[in-house]
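Trainee: Input: one structure, supplied below.
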């Protein structure tokens, strides 16, 4: 029993070990006899979804607190964007042309990680989705600069593992997309979005919506690659149609280089959350 605990009660870990050594009888072999918190079959029942949501929210939060991480720099971006050295194997000509953003993401991560190291790895910690492409570049820059970085993976139908540059103790795996998205933003000091596909667009628009509606305070929101973003999204058409306000186009900035993004974050004037929504 752990004597360092505040509670005088016997701890759950001790009871779990004890319960695994009970005599083998028809009663102890029955699933009904398993401790509820140690019964994986029970925990995976549909009725336990609220508990699993809470566990995913709590585990990551507790571990980041234990590591003393106060703020993160979030990198969203495409898993299919190759490193420049591998661009000849890209599936499309456009992906090959976008490969320079791998280098920009890696260099930007290095710049932020220098600030993170100076803070004792408490502030400006790089946080990615933990996968390949732009995500790998972000974690790689942090690792090669000698710092730490976070990878928020999610279980997908095809087998995958976190990219090898994620700090092992900060590699997380999620079942619920919604909880994963919350963790991306709960400590976000800046959000940086590189070219990507459905997942990147989903993360970008959900984050922008939270800022637009005043549910999240204003942080530097940087889109790398104006040409890419203006080609796939007609921002002005949304404003002209009135489906967003012209002021909403001020919620983000376009950048092209790591240095430009780092300068914007360095000189950002903290802004509170919106108190109203323009145009409504």
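Trainee: Restricting to the stretch 28-58, and then to whatever is loosely packed, with under 10 Cβ neighbours inside 10 Å and in contact with a helix residue (DSSP H, G or I) (Cβ under 8 Å, 6 or more places away or on another chain), can you tell me which residue is nearest to residue 176 (Cα to Cα)?
Mentor: Restricting to residues being loosely packed, with under 10 Cβ neighbours inside 10 Å and in contact with a helix residue (DSSP H, G or I) (Cβ under 8 Å, 6 or more places away or on another chain), the top hit is 41.
Trainee: Quick check, is residue 73 part of a loop (DSSP other than H, G, I, E, B) and in contact (Cβ under 8 Å) with a residue 24 or more places away in the chain?
Mentor: No: the conditions fail for residue 73.
Trainee: Only one of (1) surrounded by fewer than 17 Cβ atoms within 10 Å (Cβ to Cβ); (2) at pLDDT 95 or above is not met by residue 191, so which one is it?
Mentor: With respect to (1) surrounded by fewer than 17 Cβ atoms within 10 Å (Cβ to Cβ); (2) at pLDDT 95 or above, residue 191 is out only on (1).
Trainee: Next question, about the same structure. What number of residues in the stretch 210-234 are assigned to a helix (DSSP H, G or I) and surrounded by 14 or more Cβ atoms within 10 Å (Cβ to Cβ)?
Mentor: 5
Trainee: Is it the case that some residue within the stretch 126-137 is over 26 Å from residue 97 (Cβ atoms) and assigned to a loop (DSSP other than H, G, I, E, B)?
Mentor: no
Trainee: Restricting to the stretch 242-252, what's the tally of residues that are surrounded by 14 or more Cβ atoms within 10 Å (Cβ to Cβ) and either under 24 Å from residue 124 (Cβ atoms) or out of contact with any helix residue (DSSP H, G or I) (no Cβ under 6 Å at 6 or more places or on another chain) (or both)?
Mentor: The total comes to 3.
Trainee: Also, quick follow-up: In the list 114, 110, 140, 122, which residue meets the criterion of being surrounded by fewer than 24 Cβ atoms within 10 Å (Cβ to Cβ) and assigned to a loop (DSSP other than H, G, I, E, B)?
Mentor: None of the other options fit; the residue is 122.
Trainee: While we're here: What residue, of 56, 104, is touching a strand residue (DSSP E or B) at 6+ places or on another chain (Cβ under 8 Å), touching a residue at least 24 places away in the same chain (Cβ under 8 Å) and over 27 Å from residue 146 (Cα atoms)?
Mentor: Being touching a strand residue (DSSP E or B) at 6+ places or on another chain (Cβ under 8 Å), touching a residue at least 24 places away in the same chain (Cβ under 8 Å) and over 27 Å from residue 146 (Cα atoms) holds for just one of 56, 104, which is 56.
The values are calculated or read from the model by the stated rules, or taken from the named source; none is laboratory data. Computed from a predicted structure; not experimentally measured. When we count neighbours, we look across all protein chains shown, and the Cβ atoms used for this are built from the backbone with ideal geometry, even at glycine.
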